[in-house]
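Single-structure report; data block below.
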Amino acid sequence: MHRGGGMRVIAGDHKGRQLKAVPGKTTRPTTDKVKEAVFQVIGPFFTGGAVLDLFAGSGSLGIEALSRGMERAVFVDKHPKAIHTIHENLRTLNITGQAEVFRADAYRAVQAAAKRELAFSLILLDPPYKQGGYEKLLKVIIEQELLHPDGMIYCEHDTAEVLPETVGSLAVWKQENYGGTTAMTIYRR
């Protein structure tokens, strides 16, 4: 899956800009084709709001949301190489002022965001395939009231993994398979 230097910002303020991928095999970047399809669905463009990129990797999905009009982004990853890459990509695009980057486990990050009473219009969940555990994480996100009332949660997962139709107050809004191994499920209230 790993293609060096093949990632770019697809639309918006930073359209066409190259992004660095995380070195090594620990992350599996969302391909540009999938990213383009995803943002056609979740909102080609946004008018403000905040995005939480919870297994951020290179930060490519959260950066795409910023490029398309989100005002602020919080990037979380537990791998030092990923954190370094996110900082590099933010600096390259000169958008460090719109972003916060945390090296933390997803659950710890969710608790920390809740303590600060943050609410997000878009939450991006793209954990390593095989790790799964979406349902538990979605429940915690709802309990901690991190999702804006009209916000959405994007889950990227293996096509073999079936996500529940509803989790608490969330229901599946859209589901797509993108060939091979990649699927997405989007939840809204």
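From the list GLU176, GLU100, the one residue that fits, being closer than 26 Å to LYS15 by Cβ and either under 16 Å from the mean Cα position of the chain (by Cα) or buried (at least 21 other Cβ atoms within 10 Å of the Cβ) (or both), is GLU100.
When the residues of the range 13-25 are filtered to those that are open to solvent by less than 80 Å² (accessible area, probe 1.4 Å) and not aliphatic (A, V, I, L, M), the one that is modelled with the lowest pLDDT is GLY24.
Counting the residues of the range 43-57 that are surrounded by fewer than 19 Cβ atoms within 10 Å (Cβ to Cβ) and either modelled with pLDDT under 90 or out of contact with any Asp or Glu (no Cβ under 7 Å at 6 or more places or on another chain) (or both) gives 4. Criterion applied to LEU163, LEU147, LEU90 was being modelled with pLDDT under 95 and open to solvent by less than 20 Å² (accessible area, probe 1.4 Å), and the one residue passing it is LEU163. How many residues does the range 160-189 contain that are touching a residue at least 24 places away in the same chain (Cβ under 8 Å) and not hydroxyl-bearing (Ser, Thr, Tyr)? Result for the range 160-189: 13.
The values are calculated or read from the model by the stated rules, or taken from the named source; none is laboratory data. On a predicted model such as this, the values are computed, not experimentally measured, just so you know. As a convention, Cβ positions derive from the backbone with ideal geometry for all residues, glycine included, and neighbour counts pool all protein chains shown. Calculation scope for accessible area: heavy atoms of the full protein, side chains included, ligands and nucleic acids excluded. Shrake-Rupley method; radii C 1.70, N 1.55, O 1.52, S 1.80 Å.
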